[in-house]
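Could you have a look at this structure, given as structure tokens, before my questions?
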Amino acid sequence: MRRKQIEMRESIIRQMTILARETGAVNLAQGFSDEDAAPEIKALAMEAIRGECHQYTDVRGAPYLRQALAEKLRKHNAIEADPDKHIVVTCGATEGMMIAFETLLEAGDTVLTFAPMYENYVLQSVATRIHVKSIELDEHAEPGKPAFTFTRETLEAAYVEGTQAILFSNPWNPIGKVFTREELQTIVDFAVTHDLFIFADETYEYLVGPGREHVSVGSLPGAKDRTVTIISMGKTYSITGWRVAYLVAPEEFAAKLNVMHDFHTVTAPHPFQIAAANATRLPESFYQRMRDEYWARKEILCAALEHAGFTWYEPGGAYFLWCRYDRLSDLEDVTFGKKLLLEGGVAGVPGSVFYERGRPRYAIRFTFSKSRKTLEAAAERLRNLNWAAGSR
Ligand SMILES: Cc1ncc(COP(=O)(O)O)c(C=O)c1O
């Protein structure tokens with residue numbers, strides 16, 4: 001019997017969630033809401049379930065959903081997509097990412113991505129035997145220079161032979177950066193020069209802070225023929241359990257992605273696809289309310305973090321705070337994260353989770369995707385932290 005020698009491990013984010021549950025810590029680790037979906041979203045699901053949509057639908061996704069997505073992509077993302085040629089509905093962005101790797105890349109290929117990065121990029125690359133090479137951006141802002149910025153030179157310096165794609169999330173989990181149009185164009189120009197795929201994970205597309213604009217890289221000049229946009233509907237509508245997401249890709253690639261998707265899951269749940277289609281037609285006020293609410297919650301957490309002595313990168317989008325704790329402790333992040341969970345009663349995600357293994361790190365990520373009640377409970381515990389520098 002052959003045992004596959006592959007370094008696969010369970011996500012540390014999920015492990016922190018389990019430890020938080022076992023110890024009664026407030027869980028600010030995993031990025032999803034602990035409140036139920038909004039009543040209008042649940043009503044859409046109930047309406048769909050009453051209808052006739054309980055069998056397999058098209059592998060590419062229910063035609064009704066693909067039509068709604070094409071309209072949404074035109075209006076919201078400035079992307080022209082033919083519902084029959086360019087869209088594949090998947091079981092979450094997680095499946096979308098997996099089939100993009102499996103279908104479009106070969107074992108041994110290199111994918112460039114910015115670090116810190118969403119944990120799954122490394123985990124899924126291990127599973128598909130693809131090499132993720134991270135471009136570590138500097139989180140210490142130099143005077144007059146914002147943190148986590150890059151130039152064409154940064155990208156060129158990272159390029160190695162065998163590179164086939166550049167992958168990133170925008171808004172960027174775990175730091176909450178929203179890429180500017182200019183930065184995205186730099187990525188496109190770089191990808192064109194080296195003939196790379198662009199894998200753009202736009203799961204947090206609607207979650208942008210006041211005055212911020214989300215630009216889809218796939219809408220920019222030069223991007224269309226090489227971009228696979230991966231969008232989960234889970235975070236926007238607080239329906240991570242529905243498992244509805246989609247890929248937007250050039251026709252030739254979408255056809256192949258669809259075949260791989262058929263091997264994995266055949267279709268995402270049909271009734272939830274119908275409900276999700278109707279969700280795309282909710283009025284702008286729904287999205288505005290959601291954004292306002294998350295940003296109000298962010299303030300609850302920031303006030304407590306400030307009181308406790310943390311500093312953080314000011315996010316433009318998503319619902320995470322990338323925090324430093326130098327003023328509280330000089331422990332490396334995994335030990336600090338466990339100490340905070342066990343003694344302080346608050347769970348975050350140690351920053352090293354968002355890098356390839358190796359060096360110790362000194363950052364922790366908290367999410368403000370939780371209810372006000374949860375955030376207030378976390379805030380109270382953070383305010384009571386009595387870790388003056390010295391009690392390390
Ligand atoms: C950047 C990013 N992409 C994808 C996902 C997973 O999306 P899904 O639940 O649709 O698989 C997450 C979940 O946290 C995420 O943060």
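Could you work out the relative contact order of the stretch 40-279, using alpha carbon pairs under 8 angstrom and six or more residues apart, expressed as a whole percent? Intermediate values should be presented prior to the final figure.
On the way: 445 pairs, mean separation 72.9, N = 240.
Normalised by residue count, the contact order of the stretch 40-279 is 30 percent.
Also, quick follow-up: Return Phe199, Phe366, Phe150, Phe272 ranked ascending by Cβ neighbour count within 10 Å, so the fewest neighbours appear first. Let's see the in-between values first.
Numbers: Phe199 27, Phe366 30, Phe150 17, Phe272 24.
Starting with the residue having the fewest Cβ neighbours, the order is Phe150, Phe272, Phe199, Phe366.
DSSP beta bridges in the chain, what fraction antiparallel, as a percent rounded to 5?
On the way: 20 of 41 bridges.
DSSP beta bridges in the chain are roughly 50 percent antiparallel.
Let me ask something else. Long-range amide H contacts for Leu112: which residues qualify at under 5 Å (H placed 1.01 Å from N, peptide plane, sequence gap of 5 or more or a different chain)?
Residues meeting the criterion, in which the H sits 1.01 Å from N, are Lys133, Gln164, Ala165, Ile166, Leu167.
Hey, another quick one. Can you run phi through the Karplus equation (6.51, -1.76, 1.60; θ = phi - 60°) for the stretch 126-133 and list ³J(HN,Hα) in whole Hz, with x for Gly and Pro?
Ordered by residue, 3J(HN,Hα) equals 5, 5, 9, 6, 9, 9, 8, 10 Hz.
Can you figure out the FRET efficiency of Glu106 with Asp82, using R₀ = 35 Å and their beta-carbon distance, to the nearest 0.05?
Details: r = 28 Å, r/R0 = 0.79.
Computed FRET efficiency for Glu106 and Asp82: 0.80.
Assign unit charges at the C-beta atoms only (+1 for Lys and Arg, -1 for Asp and Glu), then state the dipole size of the stretch 295-392 relative to its Cα centre in Debye, rounded to the nearest 20. Don't jump to the answer; show the numbers that get you there.
Numbers: 16 positive and 11 negative charges, 44 e Å.
Magnitude of the dipole: close to 220 debye.
Would you mind working out the magnitude of the charge dipole of the stretch 40-279 relative to its Cα centre, with +1 at each Lys and Arg C-beta and -1 at each Asp and Glu C-beta, to the nearest 20 Debye?
On the way: 20 positive and 32 negative charges, 137 e Å.
I would put it at about 660 debye.
Taking only DSSP H segments of four or more residues, each worth -39500 (n - 2.57), what value at 222 nm results for the chain once the sum is divided by all its residues, to the nearest 500 deg cm²/dmol? Don't skip to the answer; put the middle values down first.
Values: 12 runs with 146 residues, N = 392.
Roughly -11500 deg cm²/dmol at 222 nm, from the helical runs in the chain.
Using alpha-carbon positions, what is the distance between the centroids of the stretch 246-282 and the stretch 292-322, in Å?
34 Å
Report the local net charge at Arg66: Lys and Arg +1, Asp and Glu -1, summed over other residues whose C-beta lies under 11 Å from its C-beta. Before the final figure, lay out each step's value.
On the way: positive: Arg60, Lys72, Lys85; negative: Asp58, Glu71, Asp82, Asp84.
Around Arg66, the charge tally is -1.
If you average the alpha carbon positions of the stretch 52-121 and of the stretch 33-48, how far apart do those two centres end up, in angstrom?
When both Cα centres are located, 23 Å separates them.
May I ask you to derive the FRET efficiency for Arg359 and Tyr56 from their Cβ-Cβ distance with R0 = 45 Å, giving the value to the nearest 0.05? Provide the component values of the computation, followed by the final result.
Numbers: r = 47 Å, r/R0 = 1.05.
Computed FRET efficiency for Arg359 and Tyr56: 0.40.
Excluding residues fewer than 8 places away in the same chain, name every one of the lysines whose C-alpha is closer than 20 Å to that of Lys298.
Output for Lys298: Lys177, Lys235, Lys370, Lys373.
Among Ala255, Tyr159, Leu382, whose Cα projects farthest towards the positive end of the dipole of the chain, with charges put on the beta-carbon of Lys, Arg (+1) and Asp, Glu (-1)?
Looking along the dipole axis, the top candidate is Leu382.
Also: Evaluate the distance, in nm, between pseudo-label points positioned 7 Å from the Cα of Val259 and of Arg372 along their respective Cα→Cβ axes.
5.3 nm
Considering only Gln55, Gln67, Gln164, give the residue with the highest GNM mean-square fluctuation for the chain, with springs between Cα atoms whenever their separation is below 10 Å.
The residue with the greatest mean-square fluctuation here is Gln55.
Nearest 10 degrees is fine. How inclined is helix 12-23 to the longest principal axis of the chain, computing both from alpha carbons?
It is inclined by approximately 50 degrees.
Hey, another quick one. Give me a comma-separated list of calculated 3J(HN,Hα) values for the stretch 284-299, in order, Karplus coefficients 6.51, -1.76, 1.60 applied at θ = phi - 60°, integers in Hz, x for any Gly or Pro.
Taking θ as phi minus 60°, the curve returns 3, 4, 4, 5, 5, 4, 4, 4, 4, 5, 4, 6, 5, 5, 4, 5 Hz for the stretch 284-299.
Tell me, what does the Kirkwood hydrodynamic radius of the stretch 40-279 come to in angstroms if you use every pair of distinct C-alpha atoms?
Numbers: mean 1/r = 0.0549 Å⁻¹.
Hydrodynamic radius (Kirkwood, Cα only) of the stretch 40-279 equals 18.2 Å.
Taking Cα atoms, how many degrees apart are the long axis of helix 372-383 and the longest axis of the chain, rounded to 10 and kept between 0 and 90?
30 degrees
Next up: For the chain, set up a GNM with springs between Cα atoms under 10 Å and report which of Thr57, Thr180, Thr335 has the largest fluctuation.
Highest fluctuation of the listed residues: Thr335.
Also, quick follow-up: Cut-off under 22 Å on the C-alpha distance; same-chain residues fewer than 8 positions from Lys256 excluded. Which lysines are left, in chain and number order?
Once the sequence-local lysines are set aside, what remains near Lys256 is Lys85, Lys224.
Toward the positive end of the charge dipole of the stretch 40-279, about the Cα centre and with charges on Cβ (Lys, Arg +1; Asp, Glu -1), which of Ala62, Phe101, Ile198 goes farthest?
Ala62
A short reminder: the numbers here are calculations on the coordinates, not readings from a lab. Owing to the predicted nature of the structure, the values given are computational and were not obtained by experimental measurement. As a convention, Cβ positions derive from the backbone with ideal geometry for all residues, glycine included, and neighbour counts pool all protein chains shown.
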